[in-house]
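To start, the structure under review is shown below, and the notes come after it.
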Amino acid sequence: MSNKRRKFKVPNTLIILLFGALFVALLVPWVSAGYFEKGVPISLESYRVAEHNISISVFGSGKEVGFLNAPFEGMTSGSRSGSAIGVIAFILLVGGAFGVINATGAVDRGLLRLIVITGHHPRLLLGSLFAAFATGGAVFGMGEETLAFLALLLPLILRMGYPPEVGVMITYVASQIGFGTSWMNPFGVALAQGIANVPLLSGAPLRIAMFLIFVSTGIAFTLWYAERHRSKAELGENGQVLIPVDTPPLALADRVILAGIVGTIIWIVWGVVMAGYFIPEIATQFVTLCFFAAIVAIIAKRLTADAAAEAFVGGAQQLVSAVMVISLAKGIEYLLGGANPHAPSVLNTFLHSMGSMLETWPPLLAAQGMLAVQTGFTFVIHSGSAQAAINMPLMSGLSDLVGVTRQTAVLAYQLGNAMANMSVPTGAILMASLGVAGVPWTRWFGIIWRFQLLILLMSMAMVAIAVMIGYA
């Protein structure tokens, strides 16, 4: 008998959702369906039990509900301005756009140039990199991409005399803080707001303030830890670092593409605030940025037209798994009877049950319960888009019942998902980052748990503030 212990591997998100759909299909026929009366505000008093339970077959035709119908029904639900059709199209187009932008190399060269400029000022370098990766997490949901940058930056981090876990902090941890406090990430806050029927990219002022506070806290912790554990062995004369990175100044094409990214961010903010842009317009703005970056790269002879097209397809392909997750998650909603509060569904029954339980709880405590649910859920589902697709239909409806705004429910989703991802051992990207850095998870948790606790307390405080100000 082998003495080797088999390592537990968390199943693919689709497998988890598939078994979740099977569980729902077996459960639903035994649970009374319910609905909320039309013409009156949704409340516990307006709930009614339907005359018949929902019947689920293996394969359904016409108006029959079938287990095997769930993926198609989930993918084709909603409208061009919401989940799932609109959100799926949005994700694929934005993914393709960033595939082209990354293929131009402008973002990579921008980070390399930042290293050269700040390399002899290690604190400035670490703080700048942390802020840059946090911004990446906030703007376009950077996560997996940090692995490549970690491998690139690790020799420099070690050369400066810092331990390898500092590299994980300034890349992956920074991106998660940015993701959790984002005001515009299309794969996080925008997706959750679309599912919750909250105006897209609304509530930005509080989130921007939260981003600045959380990122500043992250930078302070990283610098404190880095200086406390710095070794002088790798330093040259006068304590200066011999930078192993030699890169020329940014080319004109790099500057133009980076300026285009900044300009697009400003355009999106203006469009949402001043012109009422929603999913179709914002997706088109990213497509416009894609065309702009591709044309600049082609003129600069960095890409051919074919290479740009392939990069677009490749970027979209990387998000096909997210599309399928959304489709199957919405399929589970279909098996539950749908999210229409005025049509008989088991989802309405669950909402009424949870609302009855939390009925006597003050909104402050109910909102903290939502944050706790989202945090605990991260141990199983790490994808922000998957959590939004699975949890937001339930949480947004529950928020209506317990007197918490839907915007606050979205905030609880953001903070619970991203912040827990910094330490849970079932997180694939975290474990891959620790593998690149050569840091065992047990050592990492011993380092990060204090910061993780601080961030969770700050998250609870932000949710409480959102409740007190009626965040809408």
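Observations, loosely collected:
- Looking only at segment 44-56, and only at residues there that are among the aliphatic types (A, V, I, L, M) and open to solvent by less than 90 Å² (accessible area, probe 1.4 Å), the one that is farthest from L27 (Cα to Cα): L44
- Selection of segment 330-348 for residues being among the polar types (S, T, N, Q) and within 21 Å of V87 (Cβ to Cβ) yields N340, S345.
- Selection count, segment 173-193, where residues are assigned to a helix (DSSP H, G or I) and open to solvent by 10 Å² or more (accessible area, probe 1.4 Å): 2
- Unmet requirement for T304, which otherwise passes all of (1) farther than 22 Å from A25 by Cα; (2) surrounded by 15 or more Cβ atoms within 10 Å (Cβ to Cβ): (2)
- Any pair with Cβ under 6 angstrom, 6 or more apart, that starts in segment 321-343 at a residue that is under 17 Å from S396 (Cα atoms) and among the aromatic types (F, W, Y) and ends at one that is surrounded by 23 or more Cβ atoms within 10 Å (Cβ to Cβ) and at pLDDT 80 or above: Y334/A70; Y334/G74
- Flag for I279 being closer than 30 Å to G66 by Cβ, in contact (Cβ under 8 Å) with a residue 24 or more places away in the chain and in contact with a Ser or Thr (Cβ under 7 Å, 6 or more places away or on another chain): yes
- Residue in segment 87-107 that is open to solvent by 30 Å² or more (accessible area, probe 1.4 Å) and in a loop (DSSP other than H, G, I, E, B) present: no
- Considering segment 263-287, the residues that are under 16 Å from V139 (Cβ atoms) and loosely packed, with under 15 Cβ neighbours inside 10 Å include one that is modelled with the highest pLDDT, namely G263.
- A count restricted to segment 58-75 and to residues that are among the polar types (S, T, N, Q) and open to solvent by less than 60 Å² (accessible area, probe 1.4 Å) stands at 1.
- Residue in segment 282-292 that is more than 30 Å from P199 (Cβ to Cβ), touching a Ser or Thr at 6+ places or on another chain (Cβ under 9 Å) and among the hydrophobic types (A, V, I, L, M, F, W, C) present: no
- Residue count for segment 57-71, restricted to those that are more than 11 Å from A25 (Cβ to Cβ) and touching a residue at least 24 places away in the same chain (Cβ under 8 Å): 1
- Any hit, segment 343-352, residues being surrounded by 23 or more Cβ atoms within 10 Å (Cβ to Cβ) and not in a helix (DSSP H, G or I): yes
- Of the criteria (1) modelled with pLDDT under 90; (2) among the basic types (K, R); (3) open to solvent by less than 10 Å² (accessible area, probe 1.4 Å), which one K232 fails: (3)
- Of everything in segment 405-438 that is part of a loop (DSSP other than H, G, I, E, B) and modelled with pLDDT under 85, the residue that is nearest to M142 (Cα to Cα) is N421.
- Candidate set: segment 123-153, residues that are open to solvent by 30 Å² or more (accessible area, probe 1.4 Å) and under 11 Å from N185 (Cβ atoms); chosen: the one modelled with the lowest pLDDT: F140
- Of the numbered criteria (1) open to solvent by less than 70 Å² (accessible area, probe 1.4 Å); (2) modelled with pLDDT of 85 or more; (3) part of a helix (DSSP H, G or I), the one Y471 fails is (3).
Listed here are the residues, each with its yes/no results for (1) in contact with a strand residue (DSSP E or B) (Cβ under 6 Å, 6 or more places away or on another chain); (2) small (G, A, S); (3) buried (at least 24 other Cβ atoms within 10 Å of the Cβ).
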position	(1), (2), (3)
L401	no, no, no
A412	no, yes, yes
V424	no, no, no
G438	no, yes, no
T442	no, no, no
G446	no, yes, no
S459	no, yes, yes
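- With respect to (1) outside any helix (DSSP H, G or I); (2) touching a residue at least 12 places away in the same chain (Cβ under 8 Å), the lone exception for T360 is condition (2).
So that you can scan it fast, the table gives a plain yes or no per residue for (1) within 25 Å of L191 (Cβ to Cβ); (2) of a type in the set (D, E, K, R):
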| site | (1), (2) |
| --- | --- |
| E333 | yes, yes |
| G337 | yes, no |
| S345 | yes, no |
| T349 | no, no |
| H352 | no, no |
| P362 | no, no |
| A367 | yes, no |
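The values are calculated or read from the model by the stated rules, or taken from the named source; none is laboratory data. This structure is a prediction, so every number in the text was calculated from the model and none was measured. Here the Cβ is made from the backbone with ideal geometry for all residues, glycine too, and neighbour counts use every protein chain on show. Remember, those area values only see protein heavy atoms, side chains included, never the ligands or the DNA or RNA. Shrake-Rupley method; radii C 1.70, N 1.55, O 1.52, S 1.80 Å.
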